[in-house]
Amino acid sequence: MKNFEDMIISEFYSGFESLNPSFNAVSCEYICEYDKKSRLKEISARMYFNQFNIDFAYIVKGLAVGPRSTLECRIWLNKSEKLLYFTPYDLMFMLDPGNFKCYFYTFIESAEKMGLCFNNLAADVKELLPKIAEI
């Protein structure tokens, strides 16, 4: 039997695999980041587009005082940049100033919640793609 963390991660992968074709990205990949003790810290499911990249990132464990089990979206406008990404909130003044949707989910404690959060996040990000491409 898988532990709950493995089931959440499995749902993250499953969610990305099912939405990926509808986004029409040029290519995709998974990027995993580990801590000093070789424990998984973060998984990014990256979609490459012609003008930008989008990550759906699952942060398994945040900082000691920060939220745990977090799903978020990251936008890479400069494809050569290694550290500077934007969240949809950072760009909302250009994308859709009246948009108050959620683009950040914390304390995901089950695979079912990951599925719901991932589907909501993906649908909302998909709506922003044409406007992101214009930037």
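The values are calculated or read from the model by the stated rules, or taken from the named source; none is laboratory data. For clarity, every value in this text was computed on a predicted model and none was experimentally measured. A quick note on method: Cβ atoms are made from the backbone with ideal geometry, for glycine too, and the neighbour counts reach across all protein chains shown. Remember, those area values only see protein heavy atoms, side chains included, never the ligands or the DNA or RNA. Shrake-Rupley method; radii C 1.70, N 1.55, O 1.52, S 1.80 Å.
Here are a few things to note about the model shown:
Residues are listed down the side, and each one gets a yes or a no for (1) touching a Phe, Trp or Tyr at 6+ places or on another chain (Cβ under 9 Å); (2) among the small types (Gly, Ala, Ser); (3) open to solvent by 50 Å² or more (accessible area, probe 1.4 Å):
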| residue | (1), (2), (3) |
| --- | --- |
| ILE8 | yes, no, no |
| GLY15 | yes, yes, no |
| SER22 | no, yes, yes |
| GLU33 | no, no, yes |
| LYS41 | yes, no, yes |
| ASN50 | no, no, yes |
| ASN53 | yes, no, no |
| ILE59 | no, no, no |
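- Every pair of residues 6+ apart whose Cβ atoms lie under 7 Å, when the first sits in region 22-49 and is closer than 17 Å to GLU127 by Cα while the second is surrounded by 15 or more Cβ atoms within 10 Å (Cβ to Cβ) and of a type in the set (Phe, Trp, Tyr): ALA25/PHE49; MET47/PHE23
- Scanning region 70-89 for residues that are within 16 Å of GLU127 (Cα to Cα), open to solvent by less than 80 Å² (accessible area, probe 1.4 Å) and outside any strand (DSSP E or B) gives THR87, PRO88.
- Taking the criterion of being within 11 Å of LEU71 (Cβ to Cβ) and aromatic (Phe, Trp, Tyr), the residues of region 82-131 that qualify are TYR103, PHE104, TYR105, PHE107, PHE118.
- Only listed residue being assigned to a helix (DSSP H, G or I) and among the β-branched types (Val, Ile, Thr), chosen from VAL60, VAL125: VAL125
- Pairs meeting the criteria (first residue in region 75-95 and of a type in the set (S, T, N, Q), second residue open to solvent by 90 Å² or more (accessible area, probe 1.4 Å) and outside any helix (DSSP H, G or I), beta carbons under 8 Å, at least 6 apart or on different chains) are ASN78/LEU84.
- Among the residues listed as MET94, MET114, the single one being surrounded by 14 or more Cβ atoms within 10 Å (Cβ to Cβ) and either of a type outside the set (Lys, Arg) or farther than 23 Å from VAL26 by Cβ (or both): MET114
- Residue list for region 6-35, filter: of a type outside the set (Asp, Glu) and in a strand (DSSP E or B): SER27, CYS28, TYR30, ILE31, CYS32, TYR34
- Residues satisfying the stated conditions in region 97-109, i.e. under 17 Å from ILE9 (Cα atoms), part of a loop (DSSP other than H, G, I, E, B) and open to solvent by 40 Å² or more (accessible area, probe 1.4 Å): THR106, PHE107, GLU109
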